[in-house]
Amino acid sequence: MNIDGVKNGIVIDHIKAGKSIMVYNLLGLDKADACVAIITNADSTKYGKKDILKIDGMFDVDYDLLGYVDSNITVNIVEDGKMVKKLHMELPEHLKNVAKCKNPRCITSIEQEIVHEFKLVNKEKKIYRCVYCDAEHKVK
Amino acid sequence: MKEIRNLINITDLTLEEIDGLIDVANDIVENHEAYEDICAHKKLATLFFEPSTRTRLSFEAAMLELGGSVLGFSEASSSSAAKGESVSDTIQTVGCYADIIAMRHPKEGAPIVGARRTTVPIINGGDGGHFHPTQTLTDLLTIKRKKGRLDNMTVGLCGDLKFGRTVHSLIEAMLRYENVKFVLISPQELQVPDYIKERLNEEGADWKEVETLEEAMSELDILYMTRIQRERFFNEEDYIRLKDSFILDLKKLETAKEDLVIMHPLPRVNEISTEVDDDPRACYFFQALCGKHIRMALILFLLGIKREA
């Protein structure tokens with residue numbers, strides 16, 4: 001299957017197979033003005049299968065969110081049909097409104113419109129802690 | 001602009017700042033008159049969204065003894081929280097009326113929410129099972145006054161070490177002093193959480209877990225008792241089997257050092273037999289007195305007030 005290349009935009013590569021729709025929704029691409037192609041189950045030498053999102057047009061990507069969803073993701077920035085930058089995602093130091101604290105004793109369980117915040121405490125084990133109650137949040 | 005300092009967790013204070021608070025608390029006892037009107041025209045708001053005896057009253061007594069005044073509420077039902085007001089709105093409002101706020105809330109992290117919405121200092125008077133830093137300051141002052149030091153000692157912590165916030169904060173604070181050994185005395189069901197064990201290991205602390213008071217008693221310089229609550233147990237049988245092992249009485253003290261310091265954050269129920277109260281090693285009511293002195297020092301510190309030399 002052929003999909004036209006991106007002229008000016010972003011290619012989000014190495015998304016875990018089957019997760020592209022989730023990434024699409026989390027990034028809010030449904031509201032984007034750009035032309036977006038979702039490719040699922042593409043062959044990958046590294047992972048066997050992978051998903052890819054091709055965004056032809058300007059779009060402000062939340063890299064922290066991508067890093068949290070899957071730190072294996074790479075982002076290629078394309079200008080005039082050429083890749084000008086390749087970014088490797090990593091777990092962000094802080095998360096804001098990406099995950100919710102599950103501790104029922106946490107203030108976030110009752111306070112209206114509170115920002116759910118976590119800080120990374122163990123990069124190798126992918127462990128965050130809620131900034132309010134210190135409850136552990138492990139990235140799956 | 002002056003930086004606003006809060007006390008949410010004991011780690012918000014440096015060791016030097018804690019030493020400074022202890023020095024001021026001792027100076028308050030020695031030179032009480034110099035502090036009588038030092039907070040004149042200053043107001044402390046005590047916002048207690050859940051009941052407390054010692055913490056709230058000691059905060060209020062502390063401010064009154066400094067010549068300031070107090071306002072606030074002692075339960076959520078007598079505040080707008082009962083109408084559904086958020087913590088951040090309550091704190092932002094009270095910040096317009098008071099110079100400093102001491103708050104207790106059943107939800108963990110509530111003081112952080114409050115501190116983000118006001119420009120007056122916030123003191124955490126306990127947030128659920130999370131932190132209780134002024135109890136820790138109280139404990140440190142008690143140990144310093146009784147032992148003359150905060151390093152080179154063996155500290156036994158006994159009872160509910162899983163949910164006991166005072167225990168977690170005290171371990172965190174004592175970890176910062178040299179050569180402090182920890183003996184954690186609890187039933188398996190109520191051992192300290194893994195993150196506390198991780199902290200002990202990270203800091204290279206000398207620590208061990210035992211399941212009876214008798215095993216540890218002879219080596220302790222400090223014995224910090226906490227209450228074991230029946231509802232923490234999975235079944236009644238386990239509670240009945242274990243509860244007596246964690247009740248301190250004179251018999252269990254037979255092997256203890258003569259200068260042991262017995263502490264308890266109070267309230268106690270039955271975990272320290274009343275026969276121990278008259279033993280010179282029992283320091284838990286002295287500890288309650290220390291709570292007032294250290295809170296006086298803390299209020300002055302957070303308001304940036306020093307007594308004239």
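FYI, it's all coordinate maths here, none of it is from the lab. Quantities reported herein were computed from a predicted structural model and do not represent experimental measurements. Glycine gets a Cβ as well: all are built from the backbone with ideal geometry, and neighbour counts include every protein chain shown.
Expressed as a fraction of 2.2 N^0.38 Å, the C-alpha radius of gyration for the protein assembly as shown is 1.20.
In this rough spin-label picture, where each label sits 7 Å from Cα along the Cβ direction, the residue A:46-residue B:308 distance is 7.0 nm. Of B:272, A:38, B:196, the sequence from fewest to most neighbouring Cβ atoms within 10 angstrom is A:38, B:196, B:272.
Which entries in B:147/B:181; B:83/B:107; B:144/B:252; A:46/A:85; A:31/A:102; A:46/A:140 show an alpha-carbon gap greater than 22 Å?
In this structure, B:144/B:252; A:31/A:102 exceed 22 Å between Cα atoms.
When exposed loop sites are taken as GluC sites (Glu not before Pro) in a DSSP loop with at most 16 other Cβ atoms within 10 Å, the longest stretch of chain B clear of them is B:86-177. Between the alpha-carbon centres of the range B:292-309 and the range A:80-122 there is a gap of 39 Å.
Sorting A:86, A:50 from the fewest to the most surrounding beta carbons within 10 angstrom yields A:86, A:50.
Loop exposure criterion: GluC sites (Glu not before Pro), DSSP state outside H, G, I, E and B, at most 16 other Cβ atoms within 10 Å. Applied to chain A, the longest stretch between such sites is A:1-89.
Pairs of Cα atoms nearer than 8 Å and 6+ residues apart set the relative contact order; for chain A it is 21 percent. Cross-link pairs exceeding 18 Å between alpha carbons, from the set B:146/B:292; A:123/B:162; A:125/B:162: A:123/B:162; A:125/B:162. Under a model in which nothing but the beta-carbon of Lys, Arg (+1) and Asp, Glu (-1) is charged, the range B:203-282 shows a dipole of about 300 debye around its Cα centre. Taking trypsin sites (Lys or Arg not before Pro) across the range B:115-144, the ones in a DSSP loop with at most 15 further Cβ atoms lying within 10 angstrom of their Cβ are B:116. For chain B, the relative contact order works out to 19 percent when only alpha carbon pairs closer than 8 Å and six or more residues apart are counted. Ellipticity at 222 nm from helices only: DSSP H runs of n ≥ 4 in chain B, each -39500 (n - 2.57), divided by the residue count, give -10500 deg cm²/dmol.
Using the Karplus curve 6.51 cos²θ - 1.76 cosθ + 1.60 with θ = phi - 60°, what ³J(HN,Hα) values do you get for each residue of the range B:27-33, in whole Hz, with x for Gly and Pro? With coefficients 6.51, -1.76 and 1.60, one gets 5, 4, 5, 6, 10, 4, 5 Hz. If you average the alpha carbon positions of the range B:86-146 and of the range B:17-43, how far apart do those two centres end up, in angstrom? First find each Cα centre; the distance between them is then 20 Å.
Once each part is reduced to its C-alpha centroid, what is the distance from the range A:1-62 to the range B:240-284 in angstrom? Centre-to-centre distance over Cα atoms comes out at 65 Å. Averaged over the residues of A:129-137, the number of partner chain Cβ atoms lying within 10 Å of the residue Cβ comes to 4. Value of Rg to Rh for chain B, rounded to two decimals, is 0.97; Kirkwood radius and Rg both from alpha-carbon coordinates.
Counting Cβ atoms of other protein chains within 10 Å of each residue's Cβ and taking the mean over peptide B:126-137 gives 2.
Going by neighbour counts of Cβ atoms within 10 Å, the residues A:83, B:296 line up, fewest first, as A:83, B:296.
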